[in-house]
1. Which residues of region B:148-176 show a drop of at least 40 Å² in accessible area when all protein chains are present, compared with their chain alone (probe radius 1.4 Å, heavy atoms only, ligands and nucleic acids excluded)?
2. To the nearest 10 degrees, how steeply does helix A:474-491 sit against the main Cα axis of chain A, on a 0 to 90 scale?
3. Counting only heavy atoms of protein chains, what accessible area per residue, in Å², does the protein assembly as shown have with a probe of 1.4 Å?
4. Output the relative contact order of region B:93-265, whole-number percent, from Cα pairs under 8 angstrom with separation of 6+ residues.
5. Between A:THR473 and B:ALA105, what is the spin-label point distance in nm, taking each point 7 Å from the Cα along the Cα→C-beta axis?
6. Can you bin chain B into rounded, prolate or oblate? Criterion: square roots of the alpha carbon gyration tensor eigenvalues sorted a ≥ b ≥ c, rounded for a/c under 1.5, prolate for a/b above b/c, oblate for the rest.
7. Give the shape of region B:14-120 as rounded, prolate or oblate, defined through the alpha-carbon gyration tensor: a ≥ b ≥ c are the square roots of its eigenvalues, a/c under 1.5 means rounded, and otherwise the shape is prolate if a/b is larger than b/c and oblate if not.
8. Could you work out how far apart the two model spin labels at B:ARG9 and A:LEU429 are, taking each label as a point 7 Å from the Cα in the direction of the beta carbon, and quote it in nm?
Amino acid sequence: MQSKRIVAYVVFFVGLMLVFSSLITVAQAPDRATKEANSTTLVIAIDQDPQNLNTITTSWGGEMNRDICDTLVSRDYQLTYQDGIAESWDVSSDGLEWIFRLKDGVTFHDGTPCDAEAIAWNIETMRDTGASAYLYSAVEDAVAVDPLTVKLILKNPFPNLLYNMSSSGFASIISPTAFEKYGEDYGVKAAVGTGPYMFVEWVKGDHVTLKRNPDYSWGPSWMENQGPAYFETVIYKVVPEAVTKAMLIQAGEVDVVYYVSPAIVSTLQADSNVEVILSPERRLVYMGMNVTKAPFDDVRVRQAMCYIVDREAIVENVLGGIGMPAYNYLAPIVEPQIESPYTYDMDKARELLAEAGWTDEDDDDIIEKDGKEFRVTLWTDTITERVQIATVLQNQMAELGIKAAIQQFDSAAYGDMFKTGNQQAFMRLYGWDNADILEWFFNSTRIDRGVNKTRTNEPLLDFMFKKAESMPTSEERLSVYRLLHEYLLERAPWVPVYYPQQVRARGSDLAGYNATLDHIWLLDLYRK
Amino acid sequence: MSIIQYIIRRILLIIPVLVGVTVLVFGILHLVPGDPVRLMLGEMTTEEAYVRTRERLGLDRPLYVQYFSFLGRICRFDFGRSLILREDVAKLLAAKLPNTLSLTASGLILSYAIGIVFGVLAAVRRNTIIDYSSMGLAIIGVSVPQFWLGFLLIMLFAVKLHWLPIAGYGTFRHLVLPVVTLSLGGAADVARMTRSSLLEVVRQDYVQTARAKGLRERKVIFKHGLRNALIPIITLLGLKIGWLFGGAVIIEIVFLRPGLGRMLIDAIYMRDFPVVQGVTLILATTVILGNMLADVLYAVVNPRVQY
């Protein structure tokens, strides 16, 4: 009798637990039908219109480009190369031949197949006529071996090819048929890729609307969902004003904010309906110096500037803690990282300046050399944070007896000003997650175009850059970049200041939110 | 000269003014640094792609050729094609103009309605609590920055009370907060002007005569006083139109109204020359026509005015 009762209790409790656990399971992971039913429209606030959705003619296709188009290769949260439209790939031992095997059944939104011919067309068209032709500049030939195999023959080994192929804003695969059909209107009135969302309309200055691609079944394997996305409609709404964005998400009129201004982070963090997501970034804010113009033509003066920045204090007091102190030239997630010699040390800065011959001879609080006062102009754009940092640096320089005047330019004019070569010191920001950014900014071939803003012209550096980019393997490439990074830090053309943090916000009723550095992935996203 | 002749002359005068505007805007835009192709393609682009795009957009031609080709097209009412948005400027203008016009016209009407009512009240009840509070409000109205007022109104009426939408366009409800924000500053100006003008008029002999004849105070104020007091207020109308378009830029950004102001700012930042030219021409024409309307109204209100 007793044992029967025990058995009954056990059965009852086990049953109860099963019921509870199944309930919990249901609550944790609703099925596709429930997710789709709850997820009708997703509104995402972005800062500005895309320039164009045609990635062949524009270098920046907007945030929605990754939803409309897939890339041949993808990069997961750990920045590892994973499948995209290509299922797998091989590279020959000399690094000159790449074979990409495509997923079967991938089709563009216009119904045409995304086969080897289409991929070869994309690569060759971009290389020959594209705004970002450099992506494939190493490609000699792209051959469709069979409908599901593409062979790339390279002029030289180029281990960075996978990185370029996975760049969502640049290397999207588009439909050759649609590109031909729409001509000039492609990217404005139509955009056709193989992505989880299809282009519906773009009302300039207001929004871009996308609708779910019901046939999608080739999502990257590292995503939970490889099938169609859960949200039926996605609206990218252009909201340039930071405060308006905050109020829209607080009122629930917007579900996701792509870029949250640091100034409104605390307001959003206090709202239980909103979740603020802070993540590491790939951007760096730095002060550059023209190495061909006095007084920054002396490496000791440039090194002195590297010691005057109290980076921790800047992040804490100017940026409200939203950022990370920067000591070298690459974002923390980018290899190769180098231990920087430059800490905050005003005495060391004074010492280096004195060594370079800059001392205050007439007690007027301005240092001189050969009777010439140390006066510089520090250029900046009008972005508030950068102007603030310029002001901090101006004060720090004043402590050393340097008179710095700040000159501001609007963003369009700013880029062009560097072509004149009149810059002395300048505030600047870049966003990139690959070491080849060093080649981009310090190769002497880009001085005239105003890209190499420090006007660094060292044949040794140019030679090393060329060497790095044609090393057969990624490891060897990185080891050359390590040397380059070390050398550049020593030459000190830049004063790294801070890494801004990426701040995004989403409604707390959303689940399955996944984001990489450059994109919020919509495949797993649904409304609870 | 009859008023019709005057209007025709003013319309003809628009042409040289607009040509002047195009020279100024074209000159300034091309003289300041900033290259639309560089902005469009980004820093990472190759030199070949840069040169190709410059040629495609016709930006490699000498400046004077570009200007006269632009002028020639304008004479045929062809505003060209946006460099960045790759769309006909005329089409863009047609899409945005109604949004800006509905905002500014409603803003103008509301600012005059509020301003005149408060101005008359303040003048009639001079040195009373009504006068002080009206003028106090007017000073606040003039001093408060529009974007801040806009945010306060959104916070109260949209976020807290949920009476009106935060932002957007298309319905009357979307128009309420932007128009109120835009008109309050203008209303303050009109109220102050109405008050001082009316106070000056009511001291005139003919107003005293009207009172002496035993006319009711309401008739004295509205028929004899306000009609004459309106003359400087109408002069203000011409200035207000330009001011409202300026304000509309901020309002359109805060309230997410895709109008001419927002498009102009974006175009300036991207050095989208055809769009900047197109919007400037439309705005200049509207302001000139507004001023002309003010002049005509001036004559209607004050028959002594001869043209």
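The values are calculated or read from the model by the stated rules, or taken from the named source; none is laboratory data. Please read these numbers as outputs of a predicted model, since none were measured by experiment. Neighbour counts run over all protein chains shown; Cβ positions are idealised from the backbone, glycine included. These area figures cover heavy atoms from the full protein model, side chains too; ligands, DNA and RNA do not enter into them. Shrake-Rupley method; radii C 1.70, N 1.55, O 1.52, S 1.80 Å.
1. Buried-area filter returns B:PHE151, B:ILE166, B:TYR169.
2. Here the helix axis deviates by roughly 30 degrees.
3. Working: 36180 Å² over 835 residues.
Value returned for the protein assembly as shown: 43 Å² of accessible area per residue.
4. It rounds to 35 percent for region B:93-265.
5. Here the answer is 7.3 nm between the modelled labels.
6. Oblate, since a/c reaches 1.5 and b/c is not below a/b.
7. prolate
8. Reported label-point gap for B:ARG9 and A:LEU429 is 5.5 nm.
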